[in-house]
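Notes follow the structure.
The values are calculated or read from the model by the stated rules, or taken from the named source; none is laboratory data. Here the structure is a predicted model, which is why all the values come from computation and not from measurement. As a convention, Cβ positions derive from the backbone with ideal geometry for all residues, glycine included, and neighbour counts pool all protein chains shown. SASA here: full protein model, heavy atoms, side chains in, ligands and nucleic acids out. Shrake-Rupley method; radii C 1.70, N 1.55, O 1.52, S 1.80 Å.
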Amino acid sequence: SAPEPYLSPFLFEYRSRAALFGLPLVHIKLARWGVCRAKGILAIGNVATGVIALGGLSVGVVSLGGLSLGLLALGGLAAGALLSVGGLALSLGLAIGGGAISLCYAMGGGAIAGQIAAGGGAIAPIAIGDGALGHFPFPTDLAGLPGNAARFREAVQALFPYTPRFLVEFFAQFY
């Protein structure tokens, strides 16, 4: 039989009996006040740590939360190694958000990147946007003109020849 969840006016907790690598498959721990931590393969809680983590503060391979840290992160403030999406997105790979900062690629209202950035204000070696600053700026008021997408692709090939093709095409659609 399934374990009974612990329920009080201040705390709810459920932990599955099934485990993998010493972690419960599902751990849910929510409190009205204070800090409580859920730790499991799927973790849901005020503070959540797991392979898939959902919480106010979440840390996991896939992480969703107010403050989210992980390989793939989605949140108000999201920091993800490969992909980050949030109000403020920080990433080593691709950051997408109102404010997006990345070592490689960024897209957002304000975007800063080490390689390609696109946004209202974009700063990167290759920058697309109204306020594009970079070695190769592509202002959006020229978007859609014949040859511009090809010029963008040439700039990427010249500066960053190992950029994945799907990312080149992703950014090219905005110019």
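So which of Ala172, Ala149 ends up being open to solvent by 10 Å² or more (accessible area, probe 1.4 Å) and over 20 Å from the mean Cα position of the chain (by Cα)?
Residue meeting the stated conditions: Ala149.
Do we find that Leu159 is open to solvent by 50 Å² or more (accessible area, probe 1.4 Å) and over 19 Å from Ser68 (Cβ atoms) in this structure?
Taking the combined requirement at face value, the residue satisfies it.
Give me a count of the residues in the stretch 37-85 that are closer than 19 Å to Leu167 by Cα and open to solvent by less than 10 Å² (accessible area, probe 1.4 Å).
So the answer is 3.
Within the set of pairs 6+ apart or on separate chains, which have a first residue in the stretch 122-142 that is closer than 16 Å to Gly98 by Cα and touching a residue at least 24 places away in the same chain (Cβ under 8 Å), a second that is open to solvent by less than 40 Å² (accessible area, probe 1.4 Å) and in a strand (DSSP E or B), and C-beta atoms under 7 Å apart?
Partner pairs satisfying both residue conditions: Ile128/Ala118; Ile128/Ala122; Ile128/Phe138.
Can you tell me how many residues in the stretch 97-119 are buried (at least 17 other Cβ atoms within 10 Å of the Cβ) and free of Cβ contacts under 8 Å to residues at least 24 places away in the same chain?
Within the stretch 97-119, residues that are buried (at least 17 other Cβ atoms within 10 Å of the Cβ) and free of Cβ contacts under 8 Å to residues at least 24 places away in the same chain number 14.
Could we say that Ala122 is closer than 19 Å to Glu169 by Cα, open to solvent by less than 40 Å² (accessible area, probe 1.4 Å) and in a strand (DSSP E or B) here?
In short, yes.
May I ask you to list the residues in the stretch 151-175 that are outside any loop (DSSP other than H, G, I, E, B) and under 22 Å from Gly120 (Cβ atoms)?
Selection gives Arg151, Phe152, Ala155, Val156, Leu167, Val168, Glu169, Phe170, Phe171, Ala172.
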